[in-house]
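Peer 1: The structure that follows is given in the form of structure tokens.
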Amino acid sequence: MNNYEYIVASLPVITSDFRGDLDYNGVIGEIRSQLSKKDEEILDILLHGFDPEKLDRDFYLKALASKDAFIREYFSYDLDVRNTRVEFLNKALNRPEGLDILVLDEEAEPGEFEGWKQVMSVLEGSDILARERGLDDLMWAKIDEIVGLQVFTLDAILGFAAKLQIIARWLKLDPQTGRELFKKLVDEIRNNKNTIDNEYNR
């Protein structure tokens, strides 16, 4: 039996006045403890996708073949963004075209993905941190697009976990940006809860 309603209702073990270290492992551990074994395995795929050492061809093949829609769509976009980034660097550094591009289907026709222009626009910026923030903003927006209006679903929980990963990264890169993203996530959860409460009180 899935416990999505309870998990979503208890998500912010966090507050908007956050200033110190984010207990990322604690939050993920709390979510994990309430998932079925099957859903926990899906969560693991998501978390592995934030470990650069695991991002090889086998990982993406597994992710894109997942039965879970969030995993498929998120990592399809993630691969497109990463390949576009490599493409940009290859041109900037005069490296051979196609070097280090991860191709899953050798027979597929090469082509630009739908968000290519957005990603290239971010990469063409001169400020390194601004570029990193811009790419993470695109990933954040993609999470919102995939999750949509879902509330009590595994994909909504996966979306929360993915955003938490982005925040944890920024707390190391730029604490101020991390706190801003953290507040944004808390506000999103609060808005979702208000929507839930309104539905229950009808």
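The values are calculated or read from the model by the stated rules, or taken from the named source; none is laboratory data. Model, not experiment: these values are computed from the prediction. Cβ placement follows ideal geometry from the backbone for every residue including glycine, while neighbour counts extend to all protein chains displayed. Just so you know, the surface numbers come from the protein's heavy atoms only, side chains and all, with ligands and any DNA or RNA stripped out. Shrake-Rupley method; radii C 1.70, N 1.55, O 1.52, S 1.80 Å.
Peer 1: List the pairs whose first member sits in region 5-30 and is open to solvent by 40 Å² or more (accessible area, probe 1.4 Å) and in a loop (DSSP other than H, G, I, E, B), whose second member is of a type outside the set (Lys, Arg) and modelled with pLDDT of 85 or more, and whose Cβ atoms are under 6 Å apart, counting only residues at least 6 apart or on separate chains?
Peer 2: Between residues of region 5-30 that are open to solvent by 40 Å² or more (accessible area, probe 1.4 Å) and in a loop (DSSP other than H, G, I, E, B) and residues that are of a type outside the set (Lys, Arg) and modelled with pLDDT of 85 or more, the close pairs are 13/27.
Peer 1: How many residues does region 56-69 contain that are assigned to a loop (DSSP other than H, G, I, E, B) and open to solvent by less than 30 Å² (accessible area, probe 1.4 Å)?
Peer 2: Result for region 56-69: 2.
Peer 1: Right, another one. Has region 147-155 got any residue that is touching a Leu at 6+ places or on another chain (Cβ under 9 Å) and within 19 Å of residue 75 (Cα to Cα)?
Peer 2: Yes, because at least one residue in region 147-155 is touching a Leu at 6+ places or on another chain (Cβ under 9 Å) and within 19 Å of residue 75 (Cα to Cα).
Peer 1: Same structure again: Cβ-Cβ below 7 Å, separation at least six or inter-chain, first residue in region 110-129 and within 12 Å of residue 85 (Cβ to Cβ), second open to solvent by 40 Å² or more (accessible area, probe 1.4 Å) and of a type outside the set (Asp, Glu): which pairs?
Peer 2: 120/88; 122/131; 123/85; 123/88; 123/131
Peer 1: A follow-up question, please. Within the group 41, 53, which residue is at pLDDT below 95 and open to solvent by 50 Å² or more (accessible area, probe 1.4 Å)?
Peer 2: Being at pLDDT below 95 and open to solvent by 50 Å² or more (accessible area, probe 1.4 Å) holds for just one of 41, 53, which is 53.
Peer 1: Something else: Has region 70-90 got at least one residue that is surrounded by fewer than 11 Cβ atoms within 10 Å (Cβ to Cβ), at pLDDT 90 or above and farther than 22 Å from residue 49 by Cα?
Peer 2: Checked against the condition, which is being surrounded by fewer than 11 Cβ atoms within 10 Å (Cβ to Cβ), at pLDDT 90 or above and farther than 22 Å from residue 49 by Cα, region 70-90 yields no hits at all.
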